[in-house]
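Below is one structure, written out as structure tokens; the observations come after it.
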2 protein chains.
Amino acid sequence: MEWKSTLEPREDVLRAAGWLFTTQGYTSTSTREIAAAAGLRQGSLFHYFKRKRDILAELLDRTVDFPMGLHARLAEMNLEPEVKLYLLSRGDVSNILAGAHNLGALTLLPEVRTGEFASFWEKRSQVRDAYRVLIEAGIASNVLDDLELDLATDLVFGLIESTITWFDRSSMRGREEVAEATASAALRVVLRDSGDLDRIRQAANLPGDWVVRSGASKDGESPSPAASRLLPIRSARQGHRA
Amino acid sequence: MEWKSTLEPREDVLRAAGWLFTTQGYTSTSTREIAAAAGLRQGSLFHYFKRKRDILAELLDRTVDFPMGLHARLAEMNLEPEVKLYLLSRGDVSNILAGAHNLGALTLLPEVRTGEFASFWEKRSQVRDAYRVLIEAGIASNVLDDLELDLATDLVFGLIESTITWFDRSSMRGREEVAEATASAALRVVLRDSGDLDRIRQAANLPGDWVVRSGASKDGESPSPAASRLLPIRSARQGHRA
DNA sequence: GTCTATAATATGATAGAC
DNA sequence: GTCTATCATATTATAGAC
């Protein structure tokens, strides 16, 4: 299997950088490597991104687009908070596991956790807040246990995102299977009676699986990691001499 | 509050590097920075460590010492598997949160996840296996739900270690409070009847709190992060000229 | 829009004086 | 055991030709 260029150099750069940043780290990845993997020369990167960190910033912003959209769609639906919590969790995990390269891992880069990238962290805290509000409502209606709200939110959100660190894309386990199991586990953490889980799962499947489908990254554009590390997406462009 | 030298330069180097690696990342931290924070000159580092990565390797190895020891001590005790699982989880989290700098975050560095540092990953997989065996036994005795074993292990272990990413050392929340809540949450993920939790908690407190205490890093050597970033632990050594 | 060439700087590691 | 000095190399970003 081989990379295919989007014919959009800018997208090729983002895809190459996404792969390299998540596997090697930000500082360890040189602009030369990114350019080579995108079929460009080092200097040409700066036609599309003024600085290296702008590439990272754009990739980071994209990681929150899906959960934000999912949250917005759920907000318009008439469902119990615990059912929404299940659907948000399952969709969020499914999306995290979806792409070819583990983009969620960008969040864990030390360079990202330094107070820079404030606009990203702002959006991200809105995602956390979506969880928090649902948990709060579930506690109010007595379906969820009366735990300290912020601690419960950290535990649930932490469990969801832990999939970033342990899911193995080369394993046999299916993405939807893991998403389902993780969402169920998240609910068990906060549920007063874990026997409610069956009811919640059923209620979640009634609206159809549109929630999971509608915004998730398309599969199938997975590169062969081993190959893509060395080969450029496409051969170098015309220019004077390659 | 101010750093105090151990008078053991080698330990000072490790402490400084631990702080810098976890906050800035490995590649982003220069040997000059480490040396300065440890009260040495750049070249002098290489008297204690042949290469930069040896500093990281030693720090990594130390992060598994505590859970390995705890596991060994629990193995000798006569307790139900679910009680051991609770004690292992609580002690593990308590230790993760204990040190002044979030050493667990070293595990998440992209440079560490590249197949190098094999001896560390070997030991780490033994820790995961300790969880796995306890979960397996709990399923066999019908106290834990009959989930797929490896998936359940990933969820539990992932939840435990998620504290690395979300616990805020500057917050008001106490370390033992979070350890207790996280261990309880981990059990709820796998417990057949979450009503068992009270019994487990009580059984866990009978052997005394020796498990949590005996090996945990001593608190109180916390540096002021803001200050320590710029100030050396101690002023430069005698040498010819500083 | 892509290339080549280069500036300005930072890096890990070594050699050798004391 | 610590320092100074230095080597060889790699880095991001810019300038200017085509």
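Laboratory data are not the source of any read-out in this text; all were calculated from the coordinates shown. Remember, it's a predicted structure, so these values are computed and weren't measured experimentally. For neighbour counting, all protein chains shown are included, and Cβ atoms are generated from backbone atoms with ideal geometry for every residue, glycine included.
Taken over region B:4-56, the criterion of being over 21 Å from the mean Cα position of the chain (by Cα), away from DNA strand D (no atom under 13 Å from the Cβ) and away from chain A (no Cβ under 14 Å) is satisfied by B:Lys4, B:Arg51.
Residues in region A:158-183 that are over 20 Å from B:Trp166 (Cβ atoms), of a type in the set (D, E, K, R) and assigned to a helix (DSSP H, G or I): A:Arg175, A:Glu176, A:Glu177, A:Glu180.
Report whether or not B:Glu76 is touching a strand residue (DSSP E or B) at 6+ places or on another chain (Cβ under 9 Å), charged (D, E, K, R) and under 21 Å from B:Gly138 (Cβ atoms). So B:Glu76 does not fit the description; no. Just checking, does region B:92-106 include any residue being more than 16 Å from DNA strand D (Cβ to nearest atom) and without any contact (Cβ under 8 Å) to a residue 60 or more places away in the chain? Looking through region B:92-106, none of the residues is more than 16 Å from DNA strand D (Cβ to nearest atom) and without any contact (Cβ under 8 Å) to a residue 60 or more places away in the chain. When you look at A:Leu144, is it among the aliphatic types (A, V, I, L, M) and without any contact (Cβ under 8 Å) to a residue 24 or more places away in the chain, yes or no? Taking the combined requirement at face value, the residue does not satisfy it. Restricting region A:158-201 to residues that are facing chain B (nearest Cβ under 8 Å) and among the small types (Gly, Ala, Ser), the residue that is nearest to the chain's Cα centre (by Cα) is A:Ser162.
Restricting attention to region B:108-132 and to residues that are within 10 Å of chain A (Cβ to nearest Cβ) and more than 20 Å from B:Ala185 (Cβ to Cβ), the residue that is surrounded by the most Cβ atoms within 10 Å (Cβ to Cβ) turns out to be B:Pro110. Is it the case, given these coordinates, that B:Lys84 is of a type in the set (D, E, K, R) and farther than 27 Å from A:Thr114 by Cβ? Criteria met by B:Lys84. Scanning region A:37-72 for residues being basic (Lys, Arg) and in contact with a helix residue (DSSP H, G or I) (Cβ under 7 Å, 6 or more places away or on another chain) gives a total of 2. Restricting attention to region B:133-157, the residues being within 14 Å of another protein chain (Cβ to nearest Cβ) and either of a type in the set (S, T, N, Q) or in a loop (DSSP other than H, G, I, E, B) (or both) number 6. Region A:1-87 holds helices (runs of 4 or more DSSP H) entirely within its bounds, and those carrying 1 or more residues that are in contact (Cβ under 8 Å) with a residue 12 or more places away in the chain and either loosely packed, with under 15 Cβ neighbours inside 10 Å or away from DNA strand C (no atom under 16 Å from the Cβ) (or both) map to A:9-24, A:52-75.
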